[in-house]
Amino acid sequence: MAEVLLRLAILHKIGSGSAHEWSHTKVADVSVREVEIFLDAVVAMADPVKTHFLWRPQLRDPGDEMVLETAVNGRADALGTFNVRDFGTVPARFGIEVMMPREAIGRMRR
């Protein structure tokens, strides 16, 4: 069974109403309200993860470190990201497979 993991700090940020600042809504042709509904659904089904261990620095992009930490601390088997290249082979050291979101969603549907 697939689980969605969210770092507790991200849950706070999602709940802060920052969706109004997102320029992605225009590109994706969705409204801010649609983004809020989607995020509410993701949060409702996600398992919160406390960061017990900090593994930094491991990746070449410091902005990706919290994603890896969440996956490691949440004992994830896989990590879905559009940024596969920047994760390199590091997640494999922790037994985590990195894949594109399309592949991750496809596996969740099985």
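Rule-based calculations on the coordinates, nothing more; no lab input. If you're wondering where the values come from, they're calculated on a predicted model, not measured in any experiment. Quick reminder, even Gly has a Cβ in these numbers, built from the backbone with ideal geometry, and neighbours come from all protein chains shown.
So here's what we get for this one:
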read-out	value
Exposure proxy ranking, count of Cβ atoms within 10 Å, fewest first, for Asp77, Asp47, Asp64	Asp47, Asp77, Asp64
Using a Förster distance of 30 Å, the FRET efficiency for Lys50-Asn83 (Cβ separation, nearest 0.05)	0.80
Potential lengthening between Val35 and Met99 on full extension [0.36 nm per residue; Cα-Cα distance subtracted]	20.7 nm
Under the Debye formula (equal points on every Cα, no solvent term), log10 I(q)/I(0) of the range 25-110 at q = 0.24, 0.25 Å⁻¹	-1.25, -1.28
